[in-house]
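What follows is a set of notes on a single structure, which appears directly below.
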Amino acid sequence: MASETEKLHFLLVPLMSQGHIIPLTDFAKLLARWGVFVSIVTTPLNAVRYKDVIDHAKAQNLKIQMIPIKFPCQEAGLPEGCENLDELDSLELSWKFMRACDMLQAPLETLMEELEPKPSCIVSSNAILWTEEVCRKFKIPRYKFGTVSCFTSLCASNISQVDQESILSDSEPFLVPDIPHKIEFTKAQMPKHRSPAGKHSGGSEEHKHKPIMARDPGRATLVNSFAELEPGYLDGYRKKEGKVWCVGPVSLCNKELSERSARGNKASIDEHYCLTWLDSKKPKSVIFACFGSMCHISFPQIKEIGLGLEASNFPFIWIIRKQDYSAQVEKWLAEEGLQERVGERGLIIQGWAPQILILSHPSVGGFLTHCGWNSTLEAICAGVPMITWPMFAEQFFNEKLIVNVLGIGVRVGVERPMSSNGESEDLVRWDDVKRGIEKLMDVGSEEGRMRRKRGEELAKMASNAVEEGGSSYMSFTMLIQDVLEQLQ
Ligand code: UDP
């Protein structure tokens with residue numbers, strides 16, 4: 001197949017958010033290892049962020065490039081330079097952002113006319129619906145790249161069939177039909193676009209009729225997951241969707257220190273300092289608290305997190321996103337003297353963490369997470385159990401998978417999403433944070449020991465899946481074969 005694959009040119013079109021560009025770039029690296037030429041369409045500012053990652057891949061002789069297209073911020077009513085969802089001040093702006101993404105269709109079609117070699121197929125984020133039209137025009141196959149689990153996709157699909165009349169209130173639990181486990185949600189926990197009430201909140205007129213998830217599955221759906229993690233849900237999803245290939249966890253392609261420390265952004269801490277700090281701690285003793293690239297956490301909530309981490313008495317690394325590190329937070333940290341009180345026990349990082357470097361260190365014993373799908377999978381790969389704190393989007397689905405299905409997490413206890421301006425309606429108090437950490441780290445109990453053991457087993461299954469002959473590795477062979485068969 002090696003010489004055959006050299007004919008192929010995959011064009012990847014991610015949604016401009018860290019949760020999509022990061023896994024699609026990992027996926028690109030994996031594809032390029034098969035000898036395939038891969039181009040990733042992005043915008044100028046995102047291309048700068050990922051330059052080191054791409055340069056590193058090129059140095060490994062991988063045929064991979066990023067192609068920047070101008071992002072129409074002004075035309076879509078966004079502030080200049082707002083080229084990634086993590087730059088939005090509020091999630092409300094995301095509709096304008098999606099409008100800007102839609103405007104990329106015409107420049108992408110122009111690019112397609114000029115690109116050499118001609119793309120053999122497009123792999124796009126499930127949110128970029130218009131690539132379907134582009135593929136039709138250029139008569140090439142389209143593959144959808146799913147950045148959520150099969151569990152989430154199947155639950156969401158089955159929930160959409162629940163009788164709306166039967167759900168009486170926002171807080172009353174309803175059962176997800178036709179899935180292998182007894183799983184309940186409330187309407188309030190549904191992502192806005194998937195709420196059983198079916199209504200979009202806010203947004204432009206042209207987007208009101210466009211669901212965020214693409215309906216057309218294309219030739220096949222690629223999922224950043226692995227078959228052994230969620231077999232019953234993969235089967236169920238396949239019955240609904242047709243061809244579904246699990247190709248993950250894609251983050252496992254990052255083996256070298258430099259690859260683990262620079263994903264998505266430059267880390268805000270020197271990786272050697274971070275590793276020395278971790279080396280000084282006992283095995284499985286450190287709590288890593290990080291809430292992804294997009295969650296806006298209010299000042300009162302940040303205070304509670306800091307006090308909870310302090311009160312837990314475990315060593316911790318706590319990431320406060322650049323956008324949340326306000327003057328108010330800075331002043332509080334200085335006046336409160338939290339860093340002085342916890343001393344060497346706590347590492348507070350303002351900005352961006354080298355997340356997979358930290359998670360894969362043997363000293364890390366627990367992950368306080370917002371349950372983003374990438375973060376969830378990265379913790380599974382590292383065998384690190386989680387304290388789950390879903391904040392928005394499909395994160396409540398991931399919490400159920402982590403806690404109720406896989407048995408590798410404990411809930412911090414939130415019942416509703418954070419409001420989109422970052423003010424949590426239900427503030428999680430410091431003693432809830434402390435309690436969650438203590439429960440997770442209690443390996444004296446049978447429950448705690450089982451959680452850790454199960455986590456270690458899943459990590460082993462994840463690494464087997466991506467190794468030669470493993471289930472995800474085999475998905476790559478099927479994908480490449482499928483594209484080869486359709487070459488014109
Ligand atoms: N991430 C990171 N450092 C940070 C925050 C996030 O490397 O300080 C990475 C994380 O490893 C993951 C991605 O950003 O790959 C976040 O994706 P996820 O789906 O977990 O959450 P989202 O940001 O989309 O809410």
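The values are calculated or read from the model by the stated rules, or taken from the named source; none is laboratory data. No experiment lies behind these values; they were computed from the predicted model shown. We place every Cβ from the backbone using ideal geometry, glycine too, and count neighbours over all the protein chains shown. Calculation scope for accessible area: heavy atoms of the full protein, side chains included, ligands and nucleic acids excluded. Shrake-Rupley method; radii C 1.70, N 1.55, O 1.52, S 1.80 Å.
For the reader, a short list of remarks on this structure follows.
- Residue within the range 346-361 that is loosely packed, with under 15 Cβ neighbours inside 10 Å and either within 16 Å of the ligand (Cβ to nearest atom) or not polar (S, T, N, Q) (or both) present: no
- Among the residues of the range 298-327, those identified as polar (S, T, N, Q) and surrounded by 14 or more Cβ atoms within 10 Å (Cβ to Cβ) are Ser298, Gln301, Ser312, Gln323.
- You will find that of Ser280, Ser293, Ser360, the residue that is under 15 Å from the mean Cα position of the chain (by Cα) and among the polar types (S, T, N, Q) is Ser293 and no other.
- Matching residues in the range 46-85 - criterion: being open to solvent by 10 Å² or more (accessible area, probe 1.4 Å), under 18 Å from Lys322 (Cβ atoms) and assigned to a helix (DSSP H, G or I): Val48, Arg49, Leu85
- Subset of the range 240-265 (residues that are under 15 Å from the mean Cα position of the chain (by Cα) and modelled with pLDDT under 95): Arg263, Gly264, Asn265
- Top-ranked residue in the range 274-328 [being β-branched (Val, Ile, Thr) and within 14 Å of the ligand (Cβ to nearest atom); ranked as nearest to Pro362 (Cα to Cα)]: Ile317
- For Lys281: the one exception among (1) surrounded by 17 or more Cβ atoms within 10 Å (Cβ to Cβ); (2) closer than 28 Å to Leu85 by Cα: (2)
Yes or no, residue by residue, for (1) among the polar types (S, T, N, Q); (2) free of Cβ contacts under 8 Å to residues at least 60 places away in the same chain:
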site: Asn398; (1), (2): yes, no
site: Val405; (1), (2): no, no
site: Arg435; (1), (2): no, yes
site: Arg449; (1), (2): no, yes
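- Exactly one residue out of Lys439, Lys400, Lys453 is under 23 Å from Leu229 (Cβ atoms) and open to solvent by 60 Å² or more (accessible area, probe 1.4 Å), and it is Lys453.
- So Leu88, is it within 16 Å of the ligand (Cβ to nearest atom), surrounded by 15 or more Cβ atoms within 10 Å (Cβ to Cβ) and not acidic (Asp, Glu): yes
- Output for the range 16-45, where each listed residue is within 15 Å of the ligand (Cβ to nearest atom) and open to solvent by less than 10 Å² (accessible area, probe 1.4 Å): Met16, Ser17, Gln18, Ile21, Pro23, Leu24, Thr25, Asp26, Phe27, Ala28, Lys29
- Residues in the range 263-278 that are in a helix (DSSP H, G or I) and crowded, with 16+ Cβ neighbours inside 10 Å: Glu271, Cys274, Leu275, Trp277, Leu278.
- From the list Glu468, Glu446, Glu438, Glu415, the one residue that fits, being within 25 Å of Leu234 (Cα to Cα) and of a type in the set (Asp, Glu), is Glu468.
- Residue list for the range 369-384, filter: near the ligand (Cβ under 7 Å from one of its atoms) and in a loop (DSSP other than H, G, I, E, B): His370, Gly372
- Arg263 basic (Lys, Arg), under 20 Å from Gly436 (Cα atoms) and either more than 11 Å from the ligand (Cβ to nearest atom) or in contact (Cβ under 8 Å) with a residue 12 or more places away in the chain (or both): no
Condition check ((1) open to solvent by 10 Å² or more (accessible area, probe 1.4 Å); (2) in a helix (DSSP H, G or I); (3) of a type in the set (Phe, Trp, Tyr)) across all residues:
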position	(1), (2), (3)
Ala106	yes, yes, no
Lys118	yes, no, no
Val134	no, yes, no
Asn158	no, yes, no
Glu165	yes, yes, no
Asp170	yes, no, no
Asp178	yes, no, no
His181	yes, no, no
Ala188	yes, yes, no
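- Flag for Ile122 being surrounded by fewer than 20 Cβ atoms within 10 Å (Cβ to Cβ), in contact with a strand residue (DSSP E or B) (Cβ under 9 Å, 6 or more places away or on another chain) and part of a strand (DSSP E or B): no
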